[in-house]
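**Student:** Structure in structure tokens, see below.
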Amino acid sequence: MKNPSPVDNAFINKLIDIVLENISNEDFGVEQLAEEADMNRTSLYRRVKSITGKNVSQVVREIRLQKAQELLIGGLSTASEVAYKVGFSSPSYFNNCFSKYFGYPPGEARKRHSGMSADHHQAEASSSLINLQQKQPEKRHGLRVKLLILRYKLPLLIGIPVLIMLVILFMDMIPSDKDKNTIVVLPFKNLGTEKEAEYFADAIMDGILNQLSIIEDLSVRSRTTSDFIGAKNMPLRKISHTVRARYILEGSVQKTGDRVRITVQFIDGKKDTHIWSENFDRKYENILGIQSDIALTVASKLNASLTESETRRIRAYSTKNSEAWDNYLRGRFLANKANTEQRIDISPDGLKTSLRYFARAIELDSSFAQAYAGMAHTYLNLAAWNWLPDRVEGMMKAAQFTKKALELDPDCAEANAVLGALVIWGGGKPDFEKGREAFQKALHVKPEYPPVLQWYAQLLMITGPIEEARRHMDRVIEAEPFFWLMRNLDAWIYYFEGKHTEAITACKLAEELKPDWAITHWLFFLNYAKLKNGDKAVEHLQKIFQSDPIAMQYADDISTYYNSSGIEGLFAFLIYINDNHPGVIDGINGQPFYNGWWNALLGNEDESIFYLQKALGKIESSYTYFMLIAVNPDFDFLRGNPEFQAIIDKLGLSPYNSRTII
């Protein structure tokens with residue numbers, strides 16, 4: 001790890017001062033530190049990690065412990081008193097943390113340092129507080145090579161090739177900084193005779209994955225990644241390499257009558273070696289909380305740093321009623337399986353059936369916050385896909401169940417996620433800042449929660465700034481590399497950045513995962529048009545037309561327009577189709593917004609404004625793309641136009657219309 005620069009040292013010293021000012025406040029953590037440092041949580045985490053090699057919670061805890069050592073050496077307070085003075089709510093937890101960090105219990109601190117002067121005590125403590133830069137450990141492979149040379153005195157004749165081979169061998173055994181605490185949880189197998197118990201195996205796996213995702217010191221690959229890789233039947237080493245996860249958790253569930261056996265194996269995928277395995281045998285009625293036990297054991301095996309808050313959230317569950325929990329698991333299984341067009345393929349019947357199980361769970365336990373959140377999320381999806389007789393009523397029910405879930409558990413990640421989606425896309429005037437706040441709260445509780453990662457990326461595509469959208473999208477791609485929609489969103493953000501070659505690469509990855517998605521072909525078309533690659537632009541525009549049952553009859557005309565007028569002819573053709581022969585696919589379905597967009601790409605200011613004004617009365621039909629105009633560079637030449645500004649005002653986007661006017 002690189003030595004810290006003077007700027008880095010100044011930054012760390014600033015953080016130390018902030019923590020020391022709040023040292024006795026047990027609730028002072030990452031969120032409060034980020035606020036006082038005038039940074040967002042993600043930026044703070046990345047900056048601290050890059051300088052110290054540690055996460056923010058770990059650094060805050062070490063500052064507390066080093067201050068505690070200073071107080072204990074002074075001998076004016078007992079260990080329990082010091083625990084409270086440095087912000088630990090539990091003396092026993094403080095004792096454990098102190099002993100683990102210093103290698104001796106708090107009661108021995110003064111005795112171990114009795115030979116030092118008071119000035120030395122203070123200097124040591126201050127130096128320790130400032131010196132948070134993690135020392136670079138000597139590479140094990142380098143040390144072993146040196147020992148081999150000294151012990152066996154390898155002849156120089158063969159020393160170089162042997163050294164190279166040994167270095168490669170041992171380097172492969174050492175985890176990199178990127179993968180040292182990365183985990184993928186594979187789908188659990190149902191080994192029971194009850195086929196119907198498939199839901200239970202899925203629920204156990206999903207629960208463990210969600211619990212591990214709470215821990216900031218771990219990087220857990222998403223459910224989408226787990227499902228994708230689990231279907232490939234790969235060797236463990238290849239799984240580890242493919243998903244860039246050092247560790248693999250796999251397991252099986254056998255449910256027979258009222259007895260359950262859960263078998264879990266934890267594996268170092270890079271070495272293909274077994275770390276730990278255990279059988280959990282329980283009566284089904286006593287199964288509550290087993291995901292928490294497994295998640296905490298895995299964290300322990302990795303020596304992961306857990307905060308009290310993280311441990312408390314992992315240990316908590318919304319119900320003590322096993323029958324209510326069983327119904328919730330059944331509902332969650334159906335909702336997960338049905339809702340995979342945002343994952344793989346979608347089923348309205350599955351979503352509607354899940355509502356019955358969530359409702360039964362609530363009937364059995366009216367204080368079951370997660371069941372209310374499950375109802376809210378399901379109604380949101382049904383309404384969003386127009387699978388209810390009344391879309392507005394569906395959104396209202398989603399809002400009602402969200403409100404109830406948050407009353408019962410304000411930190412419920414799923415309920416906060418749904419709240420964010422509702423205030424932005426649920427109808428009525430969108431409240432982007434309230435949505436942002438809800439998403440950030442959900443991500444604080446579950447940093448890699450897939451729906452929120454997606455929705456927050458889509459929010460940043462509306463509000464910008466594009467730099468923040470890019471930073472977030474890079475994080476999303478790391479968590480969800482095999483989810484086609486995330487690759488699609490990645491391509492959009494590259495388009496907005498003007499990075500068209502990178503956008504095409506992202507499109508290719510999206511197309512591999514879902515070949516038939518028309519929006520990906522639109523992205524190909526737009527980016528190839530920007531790159532002046534007319535042949536490729538024509539190819540993808542033809543694919544769009546060929547997938548539309550109405551517009552397909554005009555696909556052959558695309559080449560004619562291109563041969564006559566080049567790429568400008570393609571946009572003129574799209575305007576003609578929208579006005580005269582609309583199809584059903586977005587972009588060529590006759591909605592005025594698209595003609596406003598195509599005219600903007602042609603530089604036709606008056607025509608673009610005309611169609612955008614016309615589109616204001618039909619915003620729902622093109623909402624997804626209309627709401628991107630504050631960030632979309634294709635409209636930059638209009639930003640000085642008062643009529644365009646009036647459109648921005650009506651959309652509620654004025655605070656975000658900050659791109660450069662050209």
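**Student:** Only Cα pairs under 8 Å and at least 6 apart count here; give the relative contact order of region 345-424 as a rounded whole percent. Working shown, then result.
**Tutor:** Details: 94 pairs, mean separation 24.1, N = 80.
With pairs under 8 Å counted, the relative contact order is 30 percent.
**Student:** Using the alpha carbons of the chain, what is the convex hull volume per residue in cubic angstrom, as a whole number?
**Tutor:** Working: hull volume 139.7 nm³, N = 662.
So the per-residue Cα hull volume is 211 Å³.
**Student:** For the peptides 486-498, 577-589, 381-393, what is the packing order when you average, over each peptide's residues, the other Cβ atoms within 10 Å and list the highest mean first?
**Tutor:** Working: 486-498: 22.2, 577-589: 18.0, 381-393: 15.8.
Highest mean packing first, the order is 486-498, 577-589, 381-393.
**Student:** On average over all directions, what projected area in square nanometres does region 491-570 have, based on the convex hull of its Cα atoms? Before the final figure, lay out each step's value.
**Tutor:** Values: hull surface 19.9 nm².
Directional mean of the projected Cα hull area for region 491-570 stands at 5.0 nm².
**Student:** Nearest 10 degrees, 0 to 90: what angle lies between the long axis of helix 290-301 and the longest principal axis of the chain (Cα atoms)?
**Tutor:** Roughly 60 degrees, rounded to the nearest 10.
**Student:** With each run of n ≥ 4 DSSP H residues scored as -39500 (n - 2.57), what mean residue ellipticity at 222 nm is computed for the chain after dividing by its residue count and rounding to the nearest 500 deg cm²/dmol?
**Tutor:** After summing the helix terms and dividing by the residues of the chain, the value is -19500 deg cm²/dmol.
**Student:** Would you please classify the overall shape of region 564-662 from the alpha carbon gyration tensor, given that a ≥ b ≥ c denote the square roots of the eigenvalues, rounded means a/c under 1.5, and beyond that prolate means a/b larger than b/c while oblate covers the rest? Mind showing how you got there, number by number?
**Tutor:** On the way: a/c = 2.13, a/b = 1.38, b/c = 1.55.
Oblate is the answer for region 564-662, as a/c is 1.5 or above yet b/c matches or exceeds a/b.
**Student:** With the dipole of the chain worked out from charges on the C-beta (+1 for Lys and Arg, -1 for Asp and Glu) around the Cα centre, which of 58, 598, 558 lies farthest toward the positive end?
**Tutor:** The residue sitting farthest along the positive end of the dipole is 58.
**Student:** Can you list the residues, at least 5 places off or on another chain, whose amide H is less than 5 Å from the amide H of residue 278, using H built in the peptide plane?
**Tutor:** Residues meeting the criterion, in which the H sits 1.01 Å from N, are 264.
**Student:** Between residue 516 and residue 411, what is the label-point separation in nm under the 7 Å Cα-to-beta-carbon projection?
**Tutor:** The two pseudo-label positions are separated by 4.4 nm.
**Student:** So for each of 425-435, 181-191 I average, over its residues, the number of other beta carbons within 10 Å; can you give me the resulting order with the highest mean first?
**Tutor:** Values: 425-435: 16.5, 181-191: 21.5.
The packing order, highest mean first, is 181-191, 425-435.
**Student:** Mind checking the log10 I(q)/I(0) for region 1-80 at q = 0.18, 0.20 Å⁻¹? Debye, one equal scatterer per Cα, no solvent, two decimals.
**Tutor:** Scattering profile of region 1-80, log10 relative to I(0): -0.76, -0.90.
**Student:** Hey, another quick one. Taking the mean number of other Cβ atoms within 10 Å as a proxy for protection, how do you rank 328-336, 17-25 from highest to lowest?
**Tutor:** Numbers: 328-336: 22.9, 17-25: 15.6.
Highest mean packing first, the order is 328-336, 17-25.
**Student:** Here's a follow-up. State, as an integer percentage, the relative contact order of region 468-572 based on alpha-carbon contacts under 8 Å between residues 6 or more apart.
**Tutor:** Working: 111 pairs, mean separation 17.8, N = 105.
Averaging sequence separation for qualifying contacts and normalising by length gives 17 percent for region 468-572.
**Student:** Quick one: if you take sqrt(5λ) for each eigenvalue of the C-alpha gyration tensor of region 192-243, what semi-axes come out, biggest first, whole angstrom?
**Tutor:** Values: eigenvalues 94, 63, 12 Å².
Taking √(5λ) for each Cα gyration eigenvalue gives 22, 18, 8 Å.
**Student:** Moving to a separate point now. List the aspartates and glutamates whose alpha-carbon lies under 18 Å from that of residue 352, not counting same-chain residues fewer than 8 positions away?
**Tutor:** Here the aspartates and glutamates satisfying the reach criterion relative to residue 352 are 326, 341, 363, 390, 393.
**Student:** A follow-up question, please. Once you keep just the Cα pairs under 8 angstrom separated by 6 or more residues, what percentage relative contact order results for region 205-308?
**Tutor:** Values: 125 pairs, mean separation 26.9, N = 104.
Result for region 205-308 is 26 percent.
**Student:** Quick one: dipole size for the chain, taken about the Cα centre, charges +1 on Lys/Arg Cβ and -1 on Asp/Glu Cβ, in debye to the nearest 20.
**Tutor:** Working: 77 positive and 81 negative charges, 555 e Å.
Dipole about the Cα centre, nearest 20: 2660 debye.
**Student:** Can you pull the three principal axis extents for the Cα set of region 614-662, in Å, largest first?
**Tutor:** 29, 18, 18
**Student:** Angle, helix 413-425 long axis vs. longest principal axis of the chain, Cα atoms, 0 to 90°, nearest 10?
**Tutor:** Value to nearest ten degrees: 30.
**Student:** Moving on. Calculate how steeply helix 198-213 sits against the longest principal axis of the alpha-carbon atoms of the chain, using the helix alpha-carbon long axis, and give the answer as 0 to 90 degrees to the nearest 10.
**Tutor:** Long axis of 198-213 versus the principal axis of the chain: about 70 degrees.
**Student:** At a Förster distance of 30 Å, what's the computed FRET efficiency of residue 467 paired with residue 501, Cβ-Cβ distance as r, to 0.05? Intermediate results must be reported in sequence, preceding the final value.
**Tutor:** Details: r = 19 Å, r/R0 = 0.63.
Between residue 467 and residue 501 the formula returns 0.95.
**Student:** Further, regarding this structure: Sequence-distant or interchain residues sharing an amide H contact under 5 Å with residue 189, placed H: which?
**Tutor:** The list, which skips near neighbours in sequence, is 251, 252, 253.
**Student:** Using 0.36 nm times the number of residues separating residue 613 and residue 322, minus their current alpha carbon distance, what extension gain do you get? Before the final figure, lay out each step's value.
**Tutor:** Working: separation 291, 0.36 × 291 = 104.76 nm, distance 5.59 nm.
Length difference between fully extended and current span is 99.2 nm.
**Student:** While we're here: Distance in nm between label sites at residue 43 and residue 550, each 7 Å beyond Cα in the beta-carbon direction?
**Tutor:** 4.7
**Student:** Let me ask you something else. Name all residues of region 249-288 having a backbone nitrogen under 19 Å from the label point set 7 Å from the Cα of residue 241 along its Cα→Cβ direction, giving them as ranges.
**Tutor:** Inside the label zone: 249, 267-274.
**Student:** Let me ask something additional. Would you mind giving the three semi-axes, in whole Å and largest first, of the ellipsoid equivalent to region 369-439 according to its Cα gyration tensor? Don't jump to the answer; show the numbers that get you there.
**Tutor:** Numbers: eigenvalues 64, 45, 14 Å².
Gyration-tensor ellipsoid for region 369-439: 18, 15, 8 Å.
**Student:** Which percentage, to the nearest 5, of the DSSP beta bridges contained in the chain is antiparallel?
**Tutor:** Values: 21 of 28 bridges.
Percentage antiparallel, nearest 5: 75.
**Student:** Quick one: check the C-alpha center-to-center distance for region 553-597 versus region 13-37, whole angstrom.
**Tutor:** One Cα centre to the other: 57 Å.
**Student:** Subtracting the Cα-Cα distance from 0.36 nm times the residue separation, let me have the gained length for residue 352 to residue 191 in nm, one decimal.
**Tutor:** Values: separation 161, 0.36 × 161 = 57.96 nm, distance 2.79 nm.
Gain in length upon complete extension: 55.2 nm.
**Student:** Where only protein heavy atoms count, and the probe is 1.4 Å, what is the accessible area per residue for the chain in Å²?
**Tutor:** 46
**Student:** A further question follows. How are the alpha carbon pair distances in region 520-621 distributed across 10 Å bins from zero to the largest one, expressed in percent?
**Tutor:** 17, 51, 30, 3
**Student:** Of all the accessible heavy-atom surface of the chain, with the other protein chains kept in place and a 1.4 Å probe, what percent is carbon and sulfur? Working shown, then result.
**Tutor:** Details: 15740 of 30470 Å².
Of all accessible area on the chain, carbon and sulfur atoms account for 52 percent.
**Student:** Can you pull the semi-axes for region 450-544, root of five times each eigenvalue of the Cα gyration tensor, sorted largest first, whole Å?
**Tutor:** Values: eigenvalues 100, 44, 19 Å².
Calculated on Cα positions only, the semi-axes equal 22, 15, 10 Å.
**Student:** In whole Hz and in residue order, list the ³J(HN,Hα) couplings for region 271-280 that follow from phi through the Karplus curve 6.51 cos²θ - 1.76 cosθ + 1.60, θ = phi - 60°; x for Gly and Pro.
**Tutor:** Going residue by residue, I get 8, 6, 10, 7, 9, 6, 8, 7, 9, 10 Hz, with x marking Gly and Pro.
**Student:** With N denoting the number of residues in region 362-510, provide Rg(C-alpha) divided by 2.2 N^0.38 Å, to two decimal places.
**Tutor:** Values: Rg = 16.3 Å, N = 149, 2.2 N^0.38 = 14.7 Å.
Compared with the compact-globule rule of thumb, region 362-510 sits at 1.10.
The values are calculated or read from the model by the stated rules, or taken from the named source; none is laboratory data. Note that the structure is predicted; figures quoted are calculated from it, not measured. A quick note on method: Cβ atoms are made from the backbone with ideal geometry, for glycine too, and the neighbour counts reach across all protein chains shown. Note: areas computed on protein heavy atoms with side chains; ligands, DNA, RNA excluded. Shrake-Rupley method; radii C 1.70, N 1.55, O 1.52, S 1.80 Å.
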